[in-house]
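Q: Quick one: this structure, given as structure tokens, is what I'll be asking you about.
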Amino acid sequence: MLMSKLQKLGHDPESLHYISKDFFELCGHLAYSARETAEMFIRIKKAVEAIGTGMDPSLTLYENNRYSPTRLSVVQKLTGKTLFFKMVQGQSLAEKKNILYTCENCANDMCIKRAEAKEHFMSFHQ
Ligand SMILES: [Zn+2]
């Protein structure tokens with residue numbers, strides 16, 4: 001249930017596992033209980049929000065296929081503005097995170113990966 005929700009938002013289990021590993025290892029070293037771990041997670045979240053990541057939190061990434069997406073879109077929920085990215089032709093379908101895309105709104109052939117799509121939106125299409 002949670003996983004399918006996260007995947008709809010464009011996150012994949014492998015990346016989430018990779019990101020979370022250090023955090024849970026740290027909590028392990030500190031001998032934190034599950035409750036203390038959750039509390040630390042909430043505190044970090046609040047700290048990050050306070051600092052501000054510079055990333056628009058209303059940007060959401062969608063993909064047309066969970067396993068080998070050939071088209072991505074980034075939607076700015078506040079404005080409804082949508083940007084599409086298409087897969088660069090001639091790629092053997094490698095790991096999802098390594099597939100290259102080009103922006104359908106840009107005239108150039110600049111290639112980006114899935115993880116860079118939101119950043120592209122912020123940098124060139126705000
Ligand atoms: Zn673009």
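Q: For the subset of region 97-109 comprising residues that are at pLDDT below 85 and of a type outside the set (S, T, N, Q), which member is farthest from the chain's Cα centre (by Cα)?
A: For region 97-109, the residue satisfying everything is ALA107.
Q: Still on this structure: Which condition does LYS113 not pass, out of (1) outside the structural domain of LYS8 (by TED's automatic domain parsing); (2) free of Cβ contacts under 8 Å to residues at least 12 places away in the same chain, if it passes all the others?
A: Checking LYS113 against (1) outside the structural domain of LYS8 (by TED's automatic domain parsing); (2) free of Cβ contacts under 8 Å to residues at least 12 places away in the same chain, the one that fails is (2).
Q: Can you name the residue in region 112-126 that is more than 9 Å from the ligand (Cβ to nearest atom) and under 15 Å from GLU63 (Cβ atoms) and, of all such residues, is surrounded by the most Cβ atoms within 10 Å (Cβ to Cβ)?
A: In this case the residue turns out to be ALA117.
Q: With respect to the numbered conditions (1) within 16 Å of the ligand (Cβ to nearest atom); (2) at pLDDT 85 or above; (3) open to solvent by less than 80 Å² (accessible area, probe 1.4 Å), which one is the sole condition not fulfilled by ARG71?
A: (3)
Q: Sticking with this structure for a sec: Which condition number does ALA34 fail, the rest of (1) at pLDDT below 85; (2) away from the ligand (no atom under 14 Å from the Cβ); (3) hydrophobic (A, V, I, L, M, F, W, C) being met?
A: All conditions pass for ALA34, except number (1).
Q: So, one more: Can you pull out the residues in region 86-99 that are away from the ligand (no atom under 14 Å from the Cβ), free of Cβ contacts under 8 Å to residues at least 24 places away in the same chain, open to solvent by 60 Å² or more (accessible area, probe 1.4 Å) and not in a loop (DSSP other than H, G, I, E, B)?
A: If the condition is that a residue be away from the ligand (no atom under 14 Å from the Cβ), free of Cβ contacts under 8 Å to residues at least 24 places away in the same chain, open to solvent by 60 Å² or more (accessible area, probe 1.4 Å) and not in a loop (DSSP other than H, G, I, E, B), then ASN98 is the only one that fits.
Q: What residue, of LEU59, LEU2, LEU30, LEU6, is free of Cβ contacts under 8 Å to residues at least 60 places away in the same chain, open to solvent by less than 90 Å² (accessible area, probe 1.4 Å) and within 29 Å of LYS81 (Cβ to Cβ)? Before you say what the answer is, go through the steps one by one.
A: Details: LEU59 fails: free of Cβ contacts under 8 Å to residues at least 60 places away in the same chain; LEU2 fails: open to solvent by less than 90 Å² (accessible area, probe 1.4 Å); LEU30 fails: within 29 Å of LYS81 (Cβ to Cβ).
On inspection, the qualifying residue turns out to be LEU6.
Q: Here are some conditions: (1) at pLDDT 85 or above; (2) not assigned by TED's automatic domain parsing to the domain that holds ASN105. ARG43 meets all but one. Which one does it not meet?
A: With (1) at pLDDT 85 or above; (2) not assigned by TED's automatic domain parsing to the domain that holds ASN105 applied to ARG43, the lone miss is (1).
Q: Could you tell me which numbered condition ASN108 fails, if it satisfies all but one of (1) within 14 Å of the ligand (Cβ to nearest atom); (2) over 24 Å from LYS8 (Cα atoms); (3) in a helix (DSSP H, G or I); (4) of a type outside the set (Phe, Trp, Tyr)?
A: The single condition ASN108 does not satisfy is (3).
The values are calculated or read from the model by the stated rules, or taken from the named source; none is laboratory data. Predicted model only: the values in this text are computed from it and were never measured. Cβ coordinates were reconstructed from backbone atoms using ideal geometry, including for glycine residues, and neighbour counts include every protein chain displayed. Protein only, heavy atoms only, side chains kept; ligands, DNA and RNA dropped before computing areas. Shrake-Rupley method; radii C 1.70, N 1.55, O 1.52, S 1.80 Å.
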